[in-house]
Structure formats: C-alpha cells, structure tokens
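Engineer: This is the structure, below, for whatever I ask next.
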Amino acid sequence: MNIIMLGAPGTGKGTIAGILSEKLGIPQISTGDIFRKNIKEGTELGKLAESYISKGQLVPDEVTIKIVEDRLNKPDAKNGVILDGFPRTIVQADRLKEILKAKGENVDITINLETPEDEIIERIVNRRVCSNQECKAVYNVVLHPPKVEGKCDKCGSDLITRKDDKVETVKSRLEQYFTSTSPLVEYYKNEGILYSATVSKTINKLGEDVARDLIEYLESK
Ligand code: AMP
C-alpha cells in the first residue's frame with residue numbers, strides 16, 4: 001500500500017507516518033529527513049538543500065523527485081511506502097504517478113491533515129526533535145513533553161529545535177504550503193483517494209488519536 005501524508009508543516013505528518021509505518025510494516029520516506037541527514041553529513045545535496053531549507057523555500061522539483069525515485073526503487077519499498085512530505089507540488093505529484101505506474105503501482109490513499117493556522121505556529125515553535133538521526137523522535141514541550149527535559153525518552157539523546165522551526169522561517173514555509181502544496185488536496189480529492197482528518201487540541205485530537213482512527217479505517221477497507 002502506498003500512502004501519502006499531506007498537510008501544512010507542524011500538522012503531525014511525521015508522527016502519524018511513524019505510527020503507521022510500524023503498524024503496517026512499510027517504510028516511512030521523509031524527504032525532509034533525507035535532506036537533514038545530507039546537511040549533517042555535509043554532502044553536495046546537503047549544501048544545496050540547506051540553501052533552500054534555511055529560507056523556508058522548497059528544494060527544486062528535479063532534485064527532490066530524483067531522490068524519491070531512487071528511494072522507491074530500493075528493495076524495502078516493494079510492499080509499499082508512506083511518503084511523508086512528498087509530493088509538495090503538482091509537478092512532483094504528476095511524476096510520482098508516473099514512477100509508480102512504471103512499477104505497476106499507484107497511490108492508494110492520501111491523508112490530509114488539517115490544523116488551525118494559529119495552532120500550527122504554536123506547534124512548530126514548541127517542537128523539539130531528537131538529535132539522533134536514527135531515532136528522530138518528535139516532542140512538543142507543551143502537548144507532548146519528554147519525561148526528562150531536553151532528553152529523548154526513547155534513546156536518551158539531546159533534544160534540539162530544528163533550524164527551520166524559527167518563527168521567520170515558519171512564515172515562509174506556511175506561504176509555500178498554501179501556494180505550492182495545498183492545491184494537492186483538490187488533486188487527490190479528484191482522484192477519489194483523499195482522507196482528511198483534523199489534528200487539533202481544541203477537539204482533543206492529536207497525532208496519536210488520528211493515527212488510531214486511521215488504522216481502524218484502513219483495517220475496515
Ligand atoms: P519537512 O521535514 O517535511 O518539514 O521538510 C523540511 C524542508 O525540506 C521543507 O521546508 C523544504 O524546504 C524541504 N522539503 C522537504 N520535502 C520537500 C519536497 N517534497 N519538495 C521540496 N522541498 C522539500
């Protein structure tokens with residue numbers, strides 16, 4: 001099964017993708033994580049990606065598509081994947097369709113996460129991530145704090161704030177989302193494969209609750 005996680009930054013795509021990945025036994029492919037790993041390792045891709053990410057802009061389509069195409073051809077992707085943060089433009093969505101078609105596959109479901117905008121900013125600013133690239137656990141200092149301040153519950157490594165989670169960068173990331181990515185909601189709705197869910201503290205639904213609903217939904221299909 002091929003699943004896409006769609007939604008503005010900070011809506012909980014990564015958290016939900018992680019839970020689904022464990023439950024369904026298929027890999028989570030996060031383009032953001034791939035870029036961050038390359039930035040940390042100082043590769044050419046990392047240098048290029050950082051020049052866009054630090055400004056809250058999207059990494060060019062041709063670069064991102066190539067990475068995903070290569071990743072989808074790895075053996076562990078043969079039973080399906082959870083794409084977390086890809087596609088983010090119509091061009092990426094069109095290419096994804098072609099890449100999957102060539103493998104005799106398609107996108108089965110697109111999960112669209114919706115969160116009120118003021119809550120999104122609060123969620124991003126309060127987000128802390130595990131500095132251990134192998135762990136990548138995500139916390140929120142208000143909604144989902146770690147047991148010991150500044151330390152990851154799972155592996156004990158330091159928690160850090162992502163560089164692009166600064167308020168100034170968040171604003172351009174949100175603008176990018178509304179201009180380039182949100183048209184994908186209509187795109188996948190027209191394909192009849194859109195599942196929308198609200199992630200919001202006001203209705204008492206956070207990532208884990210939405211993941212539970214989703215697993216129930218997928219199992220009932
Ligand atoms: P994320 O971890 O998904 O929030 O991604 C972090 C940053 O990586 C984004 O703000 C973009 O600059 C870049 N990025 C991640 N995925 C994509 C994509 N599919 N297309 C273009 N840029 C991306």
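Engineer: Which of (1) out of contact with any Lys or Arg (no Cβ under 9 Å at 6 or more places or on another chain); (2) in contact (Cβ under 8 Å) with a residue 12 or more places away in the chain; (3) surrounded by 13 or more Cβ atoms within 10 Å (Cβ to Cβ) is the odd one out, the single condition Lys151 does not satisfy?
Structural biologist: Of everything listed in (1) out of contact with any Lys or Arg (no Cβ under 9 Å at 6 or more places or on another chain); (2) in contact (Cβ under 8 Å) with a residue 12 or more places away in the chain; (3) surrounded by 13 or more Cβ atoms within 10 Å (Cβ to Cβ), Lys151 misses just condition (2).
Engineer: Which is of a type outside the set (Ser, Thr, Tyr), open to solvent by less than 50 Å² (accessible area, probe 1.4 Å), under 19 Å from the mean Cα position of the chain (by Cα) and closer than 22 Å to Glu69 by Cα, of Val129, Val81?
Structural biologist: Val81
Engineer: For region 124-144, what are the residues that are under 20 Å from Thr31 (Cβ atoms) and outside any strand (DSSP E or B)?
Structural biologist: Once the filter is applied, which keeps residues that are under 20 Å from Thr31 (Cβ atoms) and outside any strand (DSSP E or B), region 124-144 yields Ile124, Ser131, Asn132, Gln133, Glu134, Cys135, Lys136, Ala137.
Conditions tested, residue by residue: (1) open to solvent by less than 60 Å² (accessible area, probe 1.4 Å); (2) of a type in the set (Gly, Ala, Ser); (3) more than 16 Å from Thr11 (Cα to Cα).
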site	(1), (2), (3)
Lys136	no, no, yes
Leu159	yes, no, yes
Arg162	yes, no, no
Val170	yes, no, no
Gln176	yes, no, no
Thr179	no, no, yes
Tyr187	yes, no, yes
Gly192	no, yes, yes
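Engineer: Here's something else I'd like to know. Can you give me the number of residues within region 44-62 that are more than 18 Å from Glu175 (Cβ to Cβ) and either hydrophobic (A, V, I, L, M, F, W, C) or near the ligand (Cβ under 8 Å from one of its atoms) (or both)?
Structural biologist: Residues that pass the stated criteria total 3.
Engineer: Take the residues of region 1-55 that are more than 25 Å from Leu184 (Cα to Cα) and touching a residue at least 24 places away in the same chain (Cβ under 8 Å): which is surrounded by the most Cβ atoms within 10 Å (Cβ to Cβ)?
Structural biologist: Within region 1-55, the match that is surrounded by the most Cβ atoms within 10 Å (Cβ to Cβ) is Lys37.
Engineer: Can I ask one more? I need a count of the residues in region 163-201 that are assigned to a loop (DSSP other than H, G, I, E, B), more than 16 Å from Glu119 (Cα to Cα) and in contact with a strand residue (DSSP E or B) (Cβ under 6 Å, 6 or more places away or on another chain).
Structural biologist: Count: 1.
The values are calculated or read from the model by the stated rules, or taken from the named source; none is laboratory data. Since the model is a prediction, treat every value here as computed from it, not as a measurement. Quick reminder, even Gly has a Cβ in these numbers, built from the backbone with ideal geometry, and neighbours come from all protein chains shown. The protein model used for the area step is the full one, side chains on, heavy atoms only, and it has no ligands, DNA or RNA in it. Shrake-Rupley method; radii C 1.70, N 1.55, O 1.52, S 1.80 Å.
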